[in-house]
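Worksheet for the structure shown next.
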Amino acid sequence: MKFKQSIILTLVGILMIPLSCTDNLLDQVNTNAVSTGNFWSNAADAELAVNGMYHPISNTFFWGRIIHTGAILRSDVFNIRPFGTNTSMSTFQGEAGVARWATEVFQEPYKAIFRANAILENVNAENVPNQVQRDGFTGQAHFMRGLSYFYLVNLFGNVPLVTTTAQGSEDFFPDQATPDQVWSQIIADFSAAEGLLPSSWTGDDLGRATSGAAAGMKGKAELYTGRWADAEASFRRVINSNTYSLLPASQYGENFGFTNENNSESLFELQYLGLESFSWGVDVPGVGTLGTFHIDYAPPLKSPDQSHYVNSWVRDLFEANGDEVRRNETIVFDYPGATGYGNIPFTEDFAGEIALANTEGMDAIYTVKYAGFDVGERGGVDVLGTNVGNNWRILRYSDVLLMMAEALNNQGKTGEAEDFLNQVRSRAQIDPKTGLSQAEMSQAIIDERVMELTGEGHRFFDLVRWGLADDYLGASSLHGDHPKSLSGGVFQSGKHELVWIPQGELASNPNLRQNPGY
């Protein structure tokens, strides 16, 4: 994390042991090791534990890179250039025991959950007597446990619900909970976090979870589970807090770069720093967790993998709405004035990509968000994106406004929903939507989320929760051209809403069952 890191340094003492034998000579405390017995002694220990809790979610093997192949690039926005098992999740061609990386996105959240559980069990008034500080520690634990389960239930659906640390061997093989049980725990955790966390942090603590982040994620969980009135109430607390605001149109792109991180539009973002040397999957003490998601968003001839195209329907939607503000910060193609890395004209900087697209029968449209454009010249970006250190925004205020519109519209409050939808459209400098029916508002929200949030990790989850994944990703895609045409992957209803449970987890825990269709 970018916020303050600490390293546990254990000092080795030289013990003067009498030469004569004693009965307790072998009965010694190992002063060179940290254990649960000697760790939870003060607030400094608790802070170390809290800092370490963030790492599994932000590191390379979860949000730092691997989740992108299984969640974000899975959507109808991206036409994946297949690269063996690396892209098998994002092309709907992966199977348990064959394809890569489902194991990591299953295991990393549980590491964070274990650490959160340990914090909640061990932080108390005795070792952290300052209540404000103690609430901050436990509030962050509730938040990160809720966030971890949010991704687990959306990715895998049927997962064990573990809210305590294992006390014996009988706890090593938990049963799978129902999705409803997991969602209830997610909402409970975000609710607890909202009541415990401060509204903001400063200095070295900037970037930690806040009460607003917890309220926003609670509303999101309630929206995903059809609790419209509850979601509305949660989003109103965020909106009425007057803590957050949309950046001006001229600064929209700063929501994804590194020049204005943790700004007024950000409720929660994972903290990253670019490094000068390669450090795959390692938490770097005192620096932060490395993210290499650039690999999956850079144009094809820049990525060490095969990368992707953005499907042309996304471009067409921007242009049908006259939306250049968000288009130019979301995708790049040969529009007037378009540039690539280092502000080099698009047709010059992407000449190789354009030629490749022509041979593959694709429109040359590429991702801008998180592709490293703001690092500078193309040659200045490390091939793995090691030196691309922009934070990943998990929840933005514009997302809250659009989810608020959705929660209201689903309750029949379509007139009220228009205001929140149009706040987002106004920032993009495009015409407002007025006088819409409930059905028309639903479609307007679907379209607006594409223009506002493409490439940020929401689209596939949106399609699944709306029941539209088969419509847009199935054999008869409403887009006309199939969005996964390069790989030939086709969404199968009743199967691909979820990722398979990793084979290694099934083998080690006899109480787990594979997801349907795998």
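Any read-out appearing in this document is the output of simple, stated calculations on the displayed coordinates, not a laboratory observation. These numbers come from a predicted model, not from an experiment. A quick note on method: Cβ atoms are made from the backbone with ideal geometry, for glycine too, and the neighbour counts reach across all protein chains shown.
Here are some notes:
- Taking T165, T367 and counting other C-beta atoms within 10 Å, the order from fewest to most: T165, T367
- Backbone N atoms of the range 213-251 closer than 20 Å to the 7 Å Cα→Cβ label point of Y335 belong to residues 247-251.
- When only the Cβ of Lys, Arg, Asp and Glu is charged (+1, +1, -1, -1), the dipole of the range 296-380 relative to its Cα centre reaches about 120 debye.
- Net +/- balance of residues flanking F173 in space, Cβ distance below 15 Å, scoring K and R +1, D and E -1: -3
- Positive end of the dipole of the range 296-380 (Cβ unit charges, origin at the Cα centre): among Q306, F346, N321, the Cα lying farthest that way belongs to Q306.
- For T339, the residues whose amide H sits under 5 Å from its own are F346, ignoring neighbours fewer than 5 places away on the same chain, with H placed 1.01 Å from N.
- Charge dipole magnitude, Cβ of K and R +1, D and E -1 - the chain, Cα centre, debye nearest 20: 300
- The chain: C-alpha gyration tensor shape, a/c 1.5 cut-off, then a/b vs b/c: prolate
- Taking Cβ atoms as reference points and 11 Å as the exclusive limit, the residues near A357 contribute a net charge of -3, counting Lys and Arg as +1 and Asp and Glu as -1.
- In terms of its C-alpha gyration tensor, the range 288-433 comes out prolate, because a/c is 1.5 or above and the ratio a/b outweighs b/c.
- Hull shadow area, averaged, the range 94-188 [alpha-carbon convex hull, nm²]: 7.1
- The GluC sites (Glu not before Pro) found in the range 41-120 that occupy coil by DSSP, while having at most 13 further C-beta atoms within 10 Å, are E95.
- Under a 5 Å amide H cut-off, with hydrogens placed 1.01 Å from N, W392 pairs with L270, Y272 among residues at least 5 apart or on other chains.
- FRET efficiency for T202 and D316, using Cβ-Cβ distance with R0 set to 56 Å, rounded to 0.05: 0.80
- Each Cα pair under 8 Å and six or more residues apart adds its separation to the average, and for the chain the resulting relative contact order is 20 percent.
- Using a simple spin-label model with pseudo-atoms 7 Å out from Cα toward Cβ, Q167 and Q131 lie 2.8 nm apart.
- Helical mean residue ellipticity (222 nm; -39500 (n - 2.57) per DSSP H run of 4+; nearest 500) of the chain: -12000 deg cm²/dmol
- Averaging the Cα positions of each part gives two centres, and for the range 480-518 and the range 99-128 these lie 25 Å apart.
- Here the spin labels are modelled as points 7 Å beyond Cα on the Cα-Cβ line, and at S508 and W466 they lie 3.8 nm apart.
- Here S493 and K413 are evaluated by their C-beta separation; at R0 = 25 Å the FRET efficiency comes out at 0.20.
- Longest exposed-site-free window of the chain, the sites being trypsin sites (Lys or Arg not before Pro) in a DSSP loop that have at most 15 other C-beta atoms within 10 Å: 5-494
- Interchain or long-range residues, amide H under 5 Å from L267's placed H: L395, R396, Y397
- Cα gyration tensor shape for the range 296-380, rounded if a/c is under 1.5, else prolate or oblate: oblate
- In order along the range 498-504, the Karplus-derived 3J(HN,Hα) couplings, from 6.51 cos²θ - 1.76 cosθ + 1.60 at θ = phi - 60°, round to 10, 8, 5, 5, x, 4, x Hz, and Gly and Pro are given as x.
- For the pair N260 and I344, label points projected 7 Å from Cα toward Cβ lie 2.8 nm apart.
- For the range 402-407, the Karplus equation 6.51 cos²θ - 1.76 cosθ + 1.60, evaluated at θ = phi - 60°, returns couplings of 6, 5, 4, 4, 5, 4 Hz by residue, with Gly and Pro reported as x.
- Radius 11 Å from Cβ of D374, net charge of other residues (Lys, Arg +1; Asp, Glu -1): -1
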